[in-house]
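K.L.:
This is the structure, below, for whatever I ask next.
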Amino acid sequence: MSRIDPRNSLFLISIAYLIIGILTIIFFPGTGDSGDSVNHYLHAKYALAHPHLFFSHWGKPIFTLLSFPFAQFGFAGMKVFNLLVSLATMALTYQTARHLKYPNYALIGLLWLFAPLVFVLTFSGLTEPLLALSFILGIYLLVREKYVAAAVIISFTPFIRPEGLIFMGMYAIFFAYIKQWKAILWLATGHIFYSLAGYPLYQDLLWIFTKNPNAILGSQYNTGDPFHFFIQMTYILGIPLYGLLWLGVVRFGWKAIKDRASLLSLEVWMVYGCFGAYFLAHTLFNYFGLFKSMGMNRVFIGVMPLMALIILRGFNFLTEELKLLKNPKLKRGFQGAIIFYLVIFPFTSNPAAIDWNRDLTYGTDQQVIYEVVDGLTQKDGFDPNAQKFFYSHPFLSQVLDIDHFDRNQRLQLLKGELKYHLEAGDLIIWDHWFSVVEDHVPLEFLEQHPKLEKVQSYQKYRGNILVQLVVFRAI
């Protein structure tokens, strides 16, 4: 039976990924998105100056701890961090597939590299890639029967992203099934560690619960529909990988019926079960508007290793298990055609493919922010380090190169902050999204404020959406 040759595949694909990644960092200045990605970078960059940021629920303590050395080199440093994280995740997914004896496990690197959204968000300051690494590390340790080590790793995932709690629950059930009671106790490690480590700051042993900004049932964002992620998965994986994902799911159902496989085997529970639980949870969060869900595609980067394993199962199901082609040469040609399609897909004009200008360069709001800062720097005597600002958009801190958390330099654009801390000469920069949706300050409020004068308005259309920033000065 012909199989993809695994020799040197991981090394060659990793080197190719590293070279492509470095070139992307050099020639494409994008930040993945202009909100959370930049905010995580700012948390990491200024954590040493503001140590409480190492315990910020929003900033994600483990992510901040691991990424802050890279953030000292600017946003490019954050991209290098996530590139290295992605390379490590790809390597561990490869090793996990090898230990699980998946045929053609050498393909894992290609399945990882040519998923459009995975590639794009590697070059960001987002936390999802690190969640993916921690989760596949846990599964790799399980495969090698290192149960306590796996439990300890998974115990810290809620401090990378809150979805780690889903993983902890799935691990607890699996450990109970295989009677690894000691491992269940070790699942508490992360919470105990951070509860004690953060006590001097918060004077509260339960701060990991009481200070969690996401521990609310409501959301200010619009709710979605139950099929939202079924549709959006196309834009996460691209058409060929999404098709193979469904084949992998079908293969699971077919084998479960045919072989009556245990529903709590390691592969079924840790790969299919965890992916299913994750998918169901985010579908419900989005549909009911829970835990500030916005229905963002990027959350599924956190389970990309699981999707890669399921996709590989789908590939093998189609090209080997179904025995559609018995002639070895024809089968190799069929496999090659599928691989060729998934490799070229990200470079096609399909809406689900990579748009290098849209996805890897500055967004419209970031372009307008550069116009705003250029306008300010042309004024005589302007010194961002001697000026106090009120604004909500985090990218302004990156462009102005000021400490986002120094209240002597910058305050959040909130009505309460304006009421008590506004002084003559302060600059207020309002934007159409963060100022309104996050901080609830409409433009009309500032225009009617008796102590503010409008300096300049900047705007640009993104499709049918007007991206607008307005500068005011306190008088």
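All of the numbers you see were taken from the coordinates with simple rules; none came from a lab. Fair warning: this is a prediction, and the values are worked out from it, not measured in the lab. Cβ sites come from the backbone with ideal geometry, for glycine too, and all protein chains shown count toward neighbours.
K.L.:
Which of the listed residues, I344, L312, V299, is farthest toward the dipole's positive end in the stretch 298-379, when Lys, Arg count +1 and Asp, Glu count -1 at the beta-carbon?
P.N.:
L312
K.L.:
Along the charge dipole of the stretch 364-474, which of P394, I369, Q448 sits closest to the positive end, that is, farthest toward it, with unit charges on the beta carbon of Lys, Arg, Asp and Glu (+1, +1, -1, -1)?
P.N.:
Most positive-ward Cα: Q448.
K.L.:
Here's a follow-up. Per residue of the chain, what 222 nm ellipticity follows from adding -39500 (n - 2.57) for every DSSP H run with n ≥ 4, rounded to the nearest 500?
P.N.:
-16000 deg cm²/dmol
K.L.:
So if I average 1/r over every pair of distinct C-alpha atoms in the chain and take the inverse, what Kirkwood radius in Å does that give?
P.N.:
24.1
K.L.:
Total Lys pairs in the stretch 364-474 closer than 25 Å by alpha-carbon, pairs eight or more apart in sequence or interchain only?
P.N.:
Lysine pairs meeting the criterion: 12.
K.L.:
For the stretch 371-475, give the share of DSSP beta bridges that are antiparallel, in percent and rounded to the nearest 5; count only bridges with both residues there.
P.N.:
So the antiparallel bridges in the stretch 371-475 amount to around 70 percent.
K.L.:
Apply the Karplus curve 6.51 cos²θ - 1.76 cosθ + 1.60, θ = phi - 60°, to the phi angles in the stretch 92-104 and return the couplings in whole Hz, x for Gly and Pro.
P.N.:
Karplus-based 3J(HN,Hα) across the stretch 92-104 equals 5, 5, 4, 5, 5, 4, 5, 5, 7, 6, 6, x, 6 Hz.
K.L.:
Compute the FRET efficiency between Y199 and D355 as 1/(1 + (r/R0)^6), taking r as their Cβ-Cβ distance and R0 = 51 Å, and round to the nearest 0.05.
P.N.:
Calculated value: 0.60.
K.L.:
Per residue, how big is the convex hull of the stretch 320-407 when only Cα atoms are used? Give it in Å³.
P.N.:
Dividing the Cα hull volume of the stretch 320-407 by its residue count gives 170 Å³.
K.L.:
With +1 on the Cβ of every Lys and Arg and -1 on the Cβ of every Asp and Glu, and nothing else charged, how large is the dipole of the stretch 52-165 about its Cα centre, in debye rounded to the nearest 20?
P.N.:
The calculated dipole for the stretch 52-165 is roughly 180 debye.
K.L.:
May I pose another question? Let's test the formula: R0 of 56 Å, r as the Cβ-Cβ distance of A172 and K379. What FRET efficiency results, to the nearest 0.05?
P.N.:
Approximately 0.40, to the nearest 0.05.
K.L.:
Longer than 26 Å from Cα to Cα, which of K79/K146; K60/K292; K101/K179 are they? Say none if no pair is.
P.N.:
Over 26 Å apart, Cα to Cα: K79/K146.
K.L.:
Further, regarding this structure: Would you work out which of G21, G289, H99 lies farthest towards the positive end of the dipole of the chain? Charges go on Cβ: Lys and Arg +1, Asp and Glu -1.
P.N.:
Ranked along the dipole, the leading option is H99.
K.L.:
For the stretch 31-185, report the convex hull volume of the alpha-carbon atoms normalised per residue, in Å³, without decimals.
P.N.:
In the stretch 31-185, the Cα hull volume divided by residue count equals 108 Å³.
K.L.:
Given the C-alpha atoms of the stretch 1-116, compute the convex hull and give its volume per residue in Å³.
P.N.:
118
K.L.:
Another question, then. Name the residues whose placed amide hydrogens come within less than 5 Å of the amide hydrogen of R410, ignoring near sequence neighbours (fewer than 5 apart) on the same chain.
P.N.:
Residues meeting the amide H criterion: F389.
K.L.:
How large is the dipole of the chain about the Cα centre if only Lys and Arg carry +1 and Asp and Glu carry -1, each at its Cβ, rounded to the nearest 20 debye?
P.N.:
That gives a dipole near 2240 debye.
K.L.:
Hey, got the Cα dimensions of the stretch 119-175 along the principal axes, in Å, largest first?
P.N.:
34, 21, 13
K.L.:
Can you compute the charge dipole magnitude of the stretch 364-474 about its Cα centre, using +1 on each Lys and Arg Cβ and -1 on each Asp and Glu Cβ, nothing else charged? Give it in debye, rounded to the nearest 20.
P.N.:
220
K.L.:
Another one. Between W433 and L325, take the C-beta separation as r, use R0 = 35 Å, and let me know the FRET efficiency to the nearest 0.05.
P.N.:
It comes out at approximately 0.10.
K.L.:
How would you classify the stretch 364-474 from its alpha-carbon gyration tensor, with a ≥ b ≥ c the square roots of the eigenvalues: rounded for a/c under 1.5, else prolate if a/b is greater than b/c, otherwise oblate?
P.N.:
Rounded.
K.L.:
Does anyone have the angle between helix 36-45 and the longest principal axis of the chain? Alpha-carbon axes, 0 to 90°, nearest 10?
P.N.:
Helix 36-45 sits roughly 80 degrees off the main axis of the chain.
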